[in-house]
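The values are calculated or read from the model by the stated rules, or taken from the named source; none is laboratory data. No experiment lies behind these values; they were computed from the predicted model shown. So basically every Cβ, Gly included, is an ideal-geometry build from the backbone, and we count neighbours across all protein chains shown. Keep in mind that these areas ignore ligands, DNA and RNA; they rest on the heavy atoms of the full protein, side chains included. Shrake-Rupley method; radii C 1.70, N 1.55, O 1.52, S 1.80 Å.
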Amino acid sequence: MLPRKPLLAALALTLLGGTAQAAEEVVVYSSRIDELIKPVFDAYTAKTGVKIKFITDKEAPLMQRIKAEGDNGVADLLLTVDAGNLWQAEQMGILQPIKSETIDQNIPPQYRASSHDWTGLSLRARTIIYSTERVKPEELSTYEALADKQWEGRLCLRTAKKVYNQSLTATLIETHGEAKTEQIVKGWVNNLSTDVFSDDNAVIQAIEAGQCDVGVVNTYYYGRLHKQNPELPVKIFWPNQGDRGVHVNLSGIGLTRHAPHPEAAKKLVEWMTGEEAQKLFADINQEFPANPKVKPSDEVAAWGSFKADSIPVEIAGKRQAEAIRLMDRAGWN
Ligand code: FE
């Protein structure tokens, strides 16, 4: 027995030395605000010892930076929102596929790129909201019906320049074709009560202020304002429950083509799709976990369950250019 001990000790030292030498790190370029991601990365570092450096900026400059850095790239991962943006990154050739059974098991295929270049991490619905003072939920039904005469001068929308609306329109084109979608979008534009807004919060606040009665926003914006003011006279409505379901989009992550630490980055992404991280990541921003095994927070669950459109979200990217042209023709600024 005795002679084995030094051997084991030597082995342990070697292993420790090896681990210390390889002190892993992962570099993430992120377009999400720091508060939404730092707790998740901190939890990973506490668990694994792997350091995570992240640089925050808007998605367009981050993507340009990854492209410009080329094979001298320092970023391992690009973290951003909206399948439209992730698809753009894919088209720029700045991502590479992650082949992982763990990710494939954790995230449903409609929330991942078919190329495996990116995967969704959290989900948000882009849904209808309404004034509880001036609208009865029975009056609402579908996104399409917001084009009806009934809503003339009563609708508020965010600008067509925002990718969220481009993605919504892209999925409408996929469902209805261009001609019908153009009719619908023209109907929305005709029904606007005022100029488009630069963000979703302003849409909610305009309904609160009586400037309009209905609007379309991402659920977490509603969640934030509702948290600040539980008496907010605005509620969420889940449209298209009799047909394809509510438009859902995501935040997601992709491995960069020239990632310096691809293996460590892959492990981080696998962990981020797992139960512990999913809970943390989704709850911080009142989003839905992309992993269906993980339940949303009580706050989010209180909005009620709904049928989500099962369309693969990458359609938002594939039809983005068409959507932008169509919105422009329809006069959506
Ligand atoms: Fe947002």
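So, with +1 on the Cβ of K and R and -1 on the Cβ of D and E, and no other charges, what is the size of the charge dipole of the chain about its Cα centre, to the nearest 20 debye?
Details: 38 positive and 43 negative charges, 110 e Å.
Dipole about the Cα centre, nearest 20: 520 debye.
So, how do all the Cα-to-Cα distances of the chain break down into 20 Å bins, in percent, from 0 on up?
Computed distribution, short to long bins: 30, 52, 14, 3, 0.
Carbon and sulfur atoms: what percent of the 1.4 Å accessible area of the chain do they account for?
Numbers: 8040 of 15070 Å².
The computed percentage sits at 53.
Would you mind getting the accessible area per residue of the chain, heavy atoms of the protein chains only, 1.4 Å probe, in Å²? Display every interim value, and only then the final one.
On the way: 15070 Å² over 333 residues.
Value for the chain: 45 Å² per residue.
For the range 51-109 and the range 145-169, compute the distance between their C-alpha centroids and round to whole Å.
So the two Cα centres are separated by 29 Å.
Using θ = phi - 60° and the Karplus form 6.51 cos²θ - 1.76 cosθ + 1.60, what ³J(HN,Hα) does each residue of the range 71-86 get, whole Hz, x for Gly and Pro?
Calculated HN-Hα couplings, in order: 7, 9, x, 9, 7, 8, 9, 10, 10, 8, 10, 6, 4, x, 6, 5 Hz.
Among PHE288, PHE306, GLY317, whose Cα lies farthest out toward the positive end of the dipole of the range 265-333, if unit charges sit on the beta carbon of Lys, Arg (+1) and Asp, Glu (-1)?
Working it through, the farthest residue towards the positive pole turns out to be GLY317.
Would you work out the charge dipole size for the range 229-333 about its Cα centre, treating the Cβ of every Lys and Arg as +1 and the Cβ of every Asp and Glu as -1, and quote it to the nearest 20 debye? Let's see the in-between values first.
Numbers: 13 positive and 14 negative charges, 87 e Å.
For the range 229-333, the charge dipole is close to 420 debye.
For the cross-link pairs LYS136/LYS180; LYS235/LYS293; LYS47/LYS267; LYS47/LYS266; LYS38/LYS293, which exceed 18 Å when the distance is taken from alpha carbon to alpha carbon?
Flagged as over cut-off: LYS136/LYS180; LYS235/LYS293; LYS38/LYS293.
If packing is taken as the average number of other Cβ atoms within 10 Å across a peptide's residues, how do 302-312, 267-277 rank, most packed first?
So the peptides 302-312, 267-277, ranked by packing, come out 267-277, 302-312.
Tell me which aspartates and glutamates have Cα within less than 12 Å of LYS51's Cα, excluding those fewer than 8 residues away on the same chain?
Correct list for LYS51: GLU24, GLU25, ASP42.
Farthest toward the dipole's positive end in the chain, which of PHE197, GLY245, VAL40, given Cβ charges of +1 (Lys, Arg) and -1 (Asp, Glu) about the Cα centre?
Result: VAL40, furthest along the dipole toward the positive end.
Under a straight-distance cross-link criterion of Cα-Cα below 20 Å, which lysines are reachable from LYS162, leaving out those fewer than 8 residues away in the same chain?
Those lysines meeting the cut-off are LYS58, LYS186, LYS318.
What area, in nm² and to one decimal, does the C-alpha convex hull of the range 39-140 cast on average over all directions?
10.2 nm²
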